[in-house]
Every structure is written in structure tokens, then in C-alpha cells.
Amino acid sequence: MTTIDAAEISARFRFAANRLDRRADLRDDATRIAVLMEAPGARFLVIAGERPVVGRDPTPTAFHDRETAAVLGAGFDGAVFLGFAPTATGDGAPWFATHSRFDETALAALPDHEAADLRTLAITGRLAAEEYGAIAQGRACLHWHATHRFCARCGAKSESASAGWRRVCRSCGAEHFPRTDPVVIMLVVDGERCLLGRQTRFPAGMWSCLAGFVEPGETIEAAVRRETREEAGIEVGRVDYFASEPWPFPASLMIGTVARATSVEIRRDETELEDCRWFDRKEVVRMLAGDHPDGLFVPPPIAVAHHLFAAFANGETAE
């Protein structure tokens, strides 16, 4: 079982609570993996398109026994071995992730199951806490397989290997591995105020931290400084790590940071941001509480940004 330190800020995040023992040492043992897939305790995450198929109340779950997974159209040949989940007896139960052969229309005809929106599932907390991290792991891997079916070296069709953790090209011998895209998300602070931005795709009234992908050859700190300068025209000095969260939309790692501004005049990139301004601590407190006089609010608790705002509101980001 993977140990989670409750004192870590990252442990507060919905998708970070992954207790699976990944057992990478078993991935190349095809015989053992095949036996595990037939085990009575085996559970399968079934993804239809980009959505996990969830059993409805009274016990909603995204991880199904093999019989149920078969009814849901699971493609067992392309299953990804996620690892062993702890059980009440202490013996690990093998968990897998598979794509469904059915589309959402076909699944809608099946009783007691639905292809559910993952973001909504995370916000509502309908599922058991231990499922979310495993869903993030499985969904990201399945998305990688769906979008990397051909060899990047020679263009030939590649094949899944190592229980879903590798793709091999039989034509040129190239090996390919799942990717994770690192994203820096930064709370830029200037004393008693912080810098927030809005994108056009945000719901009306929502403001959040600035964020951007880490580019090749960059440190986390350099990415924070570059993105802040590019999006808001603000210069940043010291950068402190805050926490991180796997973000399965589709396969990012959100790296939360607190950055100290060394300039204050905003020069917004109008392509990237609809608006950008400084907010004082009292405003952030009200945005978190949902009682801002202008109806402004911040992202929900599933997001790293929410916890950055909470830390700022509580004075935890002070020098």
C-alpha cells in the first residue's frame, strides 16, 4: 500500500489520494497479470470516451467486478494494471483500467450505470475517497494509449506492453512510455494582496491563479517567472513550492507555488486573460466564503488554486 502522509498539503487534494501499491515489478510478467485479471477480487475502471462508468446509488463506484465490467463493454485485452488496493484482510486486490467498447448512448440503456463527468464526480465527492486517485491514474494512462497508437519514430502502429505501461513498435523497435504534463500554478503575492486572473472560459464571477505548462529546459521556478511575466507583465523573485496534484484533464501534474512579486504594474496579455488584477486578503476571504458583494468566487476545493487561496486567507503564505 502506498503511504500518504496526512501532514502533506497534497494529501488534501481529491486526486492525490491514491493508495494503490503499483507493483511495477509485475508489469512484464504477462502470466501473472492474466491470473490477476481473473482473480475474484479484481476490480476494473471502465472508461467510455473520456468518462468513467459509475454504478449508481446506493453504493456508487467506478471500479467494478469482472462480470460487471464485461457487461459494460470492457476491453480486457487493453487493460492497464494499476496496482493492488488494500483490503480489510490485508491482502491486496488487483485494480485495472479499461476502455469500454460501448459509446455513451449504448451505456445509457444499461440499468444502474452511467458514464459520469469526472469533474462533477470530484466536486460532489460521490465516490469513495480511495477511488479518485486511481481514476486519475487509469484515465491518464488510457488517454495516452488512445492518442499514441502509432510510433513517433517511424509511424507504424505500436502495441501495448508491460501491462499498459509501455508501447512498443514492432517495426523499428522504439519504446514509448506514458507522459505527464507538468503545469505550474502560482499564487503571486505582494504583501497583503495577491494577483488573480480570469480566462474567457471561466464561469462568470470566477477568478483563479495564473498557470502554465513547464517548457523543456525549465525549472519550476523559471516557469513560474516566465508565465507570470508573459500573462500579467509582473516580475517575480522568490518562488516557494506549495503542493501538487495529479490532474486527469487529461494527464497533468499541477505544481502549486507561492511567488513573491517584485513589480506591481499589470500589463495583461489580452489573448491569455480576459482580466487580471490585485485582490486584498479580505476580498479573498469573502470569495472563499461565497459572500463577496460582487458575487466573485474561486475554484472549488478539488483544485490546487483553492488551497492556495485558503493558505493566503489564513496568513500561511506570509514571510
Item to complete: Name every residue in the range 72-104 that is open to solvent by 10 Å² or more (accessible area, probe 1.4 Å), within 21 Å of residue 143 (Cβ to Cβ) and not hydrophobic (A, V, I, L, M, F, W, C), in order of residue number.
Response: 75, 77, 78, 99, 100, 101, 103, 104
Worksheet entry | One residue from 7, 17, 11, 69 being in contact (Cβ under 8 Å) with a residue 40 or more places away in the chain and either surrounded by 15 or more Cβ atoms within 10 Å (Cβ to Cβ) or within 24 Å of the chain's Cα centre (by Cα) (or both) | 17
Practice prompt. Report the residue count in the range 184-212 for those that are open to solvent by 30 Å² or more (accessible area, probe 1.4 Å) and hydroxyl-bearing (Ser, Thr, Tyr).
Written response: 1
Worksheet item: Quick one: in the range 230-259, which of the residues that are more than 26 Å from the chain's Cα centre (by Cα) and closer than 27 Å to residue 10 by Cβ is most open to solvent (accessible area, probe 1.4 Å)?
Response: 238
Worksheet item: In the range 80-101, which residue that is within 23 Å of residue 159 (Cβ to Cβ) and over 20 Å from the mean Cα position of the chain (by Cα) is modelled with the lowest pLDDT?
Response: 101
Discussion item. Residue pairs, Cβ under 9 Å, 6 or more apart or interchain, first in the range 111-127 and at pLDDT below 90 and assigned to a strand (DSSP E or B), second open to solvent by less than 20 Å² (accessible area, probe 1.4 Å) and polar (S, T, N, Q). List them.
Written reply: none
Discussion item. Please go through the range 21-44 and give me each residue that is under 18 Å from residue 62 (Cα atoms) and open to solvent by 50 Å² or more (accessible area, probe 1.4 Å), ordered by number.
Written reply: 40, 43
Worksheet item: Within the set of pairs 6+ apart or on separate chains, which have a first residue in the range 286-311 that is crowded, with 22+ Cβ neighbours inside 10 Å, a second that is among the acidic types (Asp, Glu), and C-beta atoms under 7 Å apart?
Response: 304/245
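The values are calculated or read from the model by the stated rules, or taken from the named source; none is laboratory data. Nothing here was measured: the structure is a model prediction, and the numbers come from that model. Counting neighbours? That spans all protein chains shown, and the Cβs are built from the backbone with ideal geometry, glycine included. Accessible surface is based on the protein model in full, side chains and every heavy atom, while ligands, DNA and RNA are left aside. Shrake-Rupley method; radii C 1.70, N 1.55, O 1.52, S 1.80 Å.
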